[in-house]
Structure formats: C-alpha cells, structure tokens
Ligand code: FES
C-alpha cells in the first residue's frame, strides 16, 4: 500500500457529493433503520450517506484504511 495523502489546506474529503450546497448534512430517523445499517465514512459511496462498499476500492488505490460506521438497533 502507498502512503496516505496528507491532510491540509486545499485537500478535499468530499470529491463529488452534492457540491451545490455549502455543507452536506443528513438526518436519519431511528425508525428507518432495520436490524443494522452501514453509514459511509469515506465519502465515495454512490448511496451516500449509506455505505455501498466503495471504501474497498478507495483503500486499494490510496493506501487508506477507512470503513463504514455500523449502526445496530
Ligand atoms: Fe464509504 Fe463504505 S462506501 S465507507
């Protein structure tokens, strides 16, 4: 794995999700969660804020080690 990118001024976490708003924030009702849900923390999911497994490709190509937040009822 390669070295992770440095974090600093000008480094974007969110590459492409809802760039038309000044801040991306989401609300999910506890009633919407079944047994468990995986929330994306890599900002690469096509189903954001839910994880779709895109973190695996991100980790493989960047050397990062991020994964989802699993929320269980
Ligand atoms: Fe982002 Fe899984 S797709 S954490």
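A short reminder: the numbers here are calculations on the coordinates, not readings from a lab. None of these values were measured; they are calculated from a predicted model. Here the Cβ is made from the backbone with ideal geometry for all residues, glycine too, and neighbour counts use every protein chain on show.
Some values worked out for this structure:
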| item | result |
| --- | --- |
| Inter-label distance, nm, simple model (7 Å from Cα along the C-beta direction), residue 69/residue 15 | 2.2 |
| Alpha carbon convex hull of the chain, projected area averaged over orientations, nm² | 5.9 |
| Proxy reagent accessibility, fewest Cβ within 10 Å first, across 45, 16 | 16, 45 |
| Which of 11, 62 has the fewest Cβ neighbours within 10 Å, and the rest in rising order | 11, 62 |
